[in-house]
Amino acid sequence: MSDREPLFSPKNRRLITNPLGQDNPITVQVLGICSALAVTVKLKPSVVMALSVVAVMAIANVVISLMRKGIPNRIRIIVQLVVIAALVILVDQVLKAFVYDVSKQLSVFVGLIITNCIIMGRLEAFALANKPWPSLLDGLGNAAGYGMILIIVGFVRELFGAGTLWGYEIIPQSWFVSNGGFYVNNGMMILPPMALITVGIIIWIQRSRNKDLVDIS
Amino acid sequence: MNTQGNTYTFLYAAIMVVVVAALLSFAAMSLKPMQDKNVEVEKKQNILSTVNIGLDAGDQDNKMKYIEDLYAKYIVDSYIVNTKGEKVEGDAFTVDMSKELAKPNDERKLPVFVSEKDGNKNVILPLRGKGLWGPVWGYIALEADYSTIVGASFDHKSETPGLGAEINTTAFESQFVGKKIFDEQNKFVSVSIIKGGAPKGDIHGVDAISGGTITSNGVDAMIQECLGNYVTYFKQHQK
């Protein structure tokens, strides 16, 4: 037992912390942008989407890692897709049976987790070559890094686009021009381009603070 | 063992597919009754909400039972009519509007739900149409004059959250209250959803949703078509 690596060795901890910062799937690797644009109009779907991705990604990483020695190399992408698709359908069915209201809000986007490139990317790059425990940490870390950006973008877009957060009014009704005030919601915020711009601003802030990320070539 | 050979690859793929298929069909079948129940209760809740009943269902401990009880108490009658306004045999609750709308005009079965609260009778009519990504549907309740709208509720399968999906919010639905579907000459004009906002005091128009134009147009066409089927029925009962 003495030569076994501790569960939370510095190397394993980095698997979780790296994707949150300097190796973030959205802001550094620029993966998974499509779903980040689609579901972030409101905070609540962003959070539920983030949680669903965490569940799917952690389980898929562990499953693929357990199967890694048996998967025929030539059909490994197909095997990965089958595992992801099966998990996503399960998540969707469970949401429909137990939290019907939330599942209706997310509608098509749960199905679209299947096409999220971060998940396949991690399976291919990490889970196929590593043991289950590091794979689980890697999955959690990357999904959290993705979810974090989703929630930040959802927060900004709902606050400035609709004046609410989680459906509650933040900006008082009396401020609005329609009630004799001075304030108008930014209609751009509810359209997809604003998600790109918000992500761009996050990338800008991150790179100006961490010069290692700047590509000088 | 050689995990790269053809035989192994084929066997692996075949077994994987069977295992995954079995797992998913098992999950789908065991969760199906709960999902169906959710859909049925939601339909009842939508019908009730057009006449302002059961709006506090979200606060109840047992939402399902609460809705079922209210439905049994307030929906006093339901029947099917055709486009000529004659009654037809059948159970109004199980009529699938998407199938009925695919039929030729005079074969359509049109459900009518009658609610009674504090002595006021209202008719509630189902709607069904197309949004941007998938079907949209809803219910509209009318006063005894068969023209003034008491309430409307809409829902959708897969409209964009924050844009088209806003049709099921109270802000959008409440605009319909008090609008009229017949004009002063008693001609059917429906209620239009107007991009850029309906003029103040327009009793036949409401505001569309910004960023949700295609969904708004879909809802507009849905109201026009579905209520249009009932025009003969309305005229027979208007007095």
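The values are calculated or read from the model by the stated rules, or taken from the named source; none is laboratory data. The structure displayed is predicted, hence computed values, not measured ones. Note that each Cβ is placed from the backbone with ideal geometry, even for glycine, and that neighbours are counted across all protein chains shown.
Odds and ends about this structure:
- Those helices (runs of 4 or more DSSP H) lying entirely in region B:142-239 with at least 3 residues more than 20 Å from B:Arg128 (Cβ to Cβ): B:231-237
- When residues of region B:196-218 are limited to those that are in contact with a helix residue (DSSP H, G or I) (Cβ under 6 Å, 6 or more places away or on another chain) and of a type outside the set (S, T, N, Q), the one farthest from the other protein chains (Cβ to nearest Cβ): B:Val206
- The numbered conditions (1) loosely packed, with under 11 Cβ neighbours inside 10 Å; (2) more than 14 Å from every other protein chain (Cβ to nearest Cβ); (3) not hydroxyl-bearing (Ser, Thr, Tyr) are all true for B:Val51 except (1).
- Of all residues in region B:63-70, none satisfies being surrounded by fewer than 11 Cβ atoms within 10 Å (Cβ to Cβ) and either at pLDDT 90 or above or away from chain A (no Cβ under 14 Å) (or both).
- Screening the candidates B:Met1, B:Met34, B:Met29 for the property of being modelled with pLDDT of 90 or more and at the interface with chain A (Cβ under 9 Å from one of its Cβ atoms) yields one hit, B:Met34.
- Of the residues making up region A:15-43, those that are within 14 Å of another protein chain (Cβ to nearest Cβ) and polar (S, T, N, Q) number 2.
- A:Val62 fulfils the conditions (1) at the interface with chain B (Cβ under 10 Å from one of its Cβ atoms); (2) within 15 Å of A:Phe126 (Cα to Cα); (3) buried (at least 16 other Cβ atoms within 10 Å of the Cβ) except for a single criterion, (1).
- Region B:60-90, residues that are touching a strand residue (DSSP E or B) at 6+ places or on another chain (Cβ under 8 Å), free of Cβ contacts under 8 Å to residues at least 24 places away in the same chain and of a type in the set (D, E, K, R): B:Lys87, B:Glu89
- Residue pairs whose Cβ atoms lie under 7 Å apart, separated by 6 or more positions or on different chains, with the first residue in region A:75-102 and facing chain B (nearest Cβ under 7 Å) and the second not in a helix (DSSP H, G or I), are A:Val79/A:Ile71.
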